[in-house]
């Protein structure tokens, strides 16, 4: 009997038709799941890009959430929606959105180097901080940058307070000078970092990505995941029994949910089962965040 596999997204059905050994490599693929909060974040970012570029004091946005809870995935999706393109004249690249990641050893000079690198400009010949900064701003204007996206903003706290203030002052200056909105992403520490600069803090509107709970919204998320996992039988991941178990094992973090479902799928398929059961969720190779913390703490004490 031919399976209809109506629980799967149409693009996933052809993969589900492959032999089991050929499907094993597909479960860990990165996937965009358009859940409500992520779509709201993208809409808010798009609104800033459309309305704030060119304003004297543009409004900014801070996407805040626990580690491994989808912040960088949202940033990557937004970048794919606004890719760089070649100018009509053919003489330069246009970057509507310029994206950088705050390193843990950031300085003003290194941050300027990151901007230049993201713009595709060589930085080896420009060592002076002032010259590097002037070049970065000039190229951002030339490339028509309309938004700066800074991921992992919490890394700013790794340096001394004086350096933190310098970097925050630089972000404020870039926004004012170029008249572009800034979208920053990070953990709760990113918000604490912004509080060091009153002017900057007031311009950043927080957007929270909370942990997932055992509720209907998480059920819809899990149903979306199920639709892209190439298993031939429905699992009912969004129903209470499995949903509660998944949330418990992953601490409600979407990145952990993705890893758990991939491992559970492989476990199920390896024993000839075409759906995920509670046994797969419990017995698969996935290690829960709480368990990993316990192991690390035990090692540190030994």
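Values in this text are rule-based calculations from the coordinates and carry no lab data. Keep in mind it's a predicted model, so treat the numbers as computed, not measured. Cβ: placed from backbone, ideal geometry, glycine included. Neighbour counts: every protein chain shown.
Within the stretch 161-188, the set of residues being surrounded by 16 or more Cβ atoms within 10 Å (Cβ to Cβ) and closer than 23 Å to residue 37 by Cα comprises 181, 182, 183, 184, 185, 186, 187.
Going through (1) crowded, with 17+ Cβ neighbours inside 10 Å; (2) in contact with a strand residue (DSSP E or B) (Cβ under 8 Å, 6 or more places away or on another chain); (3) in a helix (DSSP H, G or I) one by one, residue 38 falls short only on (2). Take the conditions part of a strand (DSSP E or B), touching a residue at least 60 places away in the same chain (Cβ under 8 Å) and in contact with a helix residue (DSSP H, G or I) (Cβ under 7 Å, 6 or more places away or on another chain) and apply them to residue 62. Does it pass? The answer is yes for residue 62. Among residues of the stretch 1-16 being free of Cβ contacts under 8 Å to residues at least 40 places away in the same chain and in a loop (DSSP other than H, G, I, E, B), the one that is farthest from the chain's Cα centre (by Cα) is 1.
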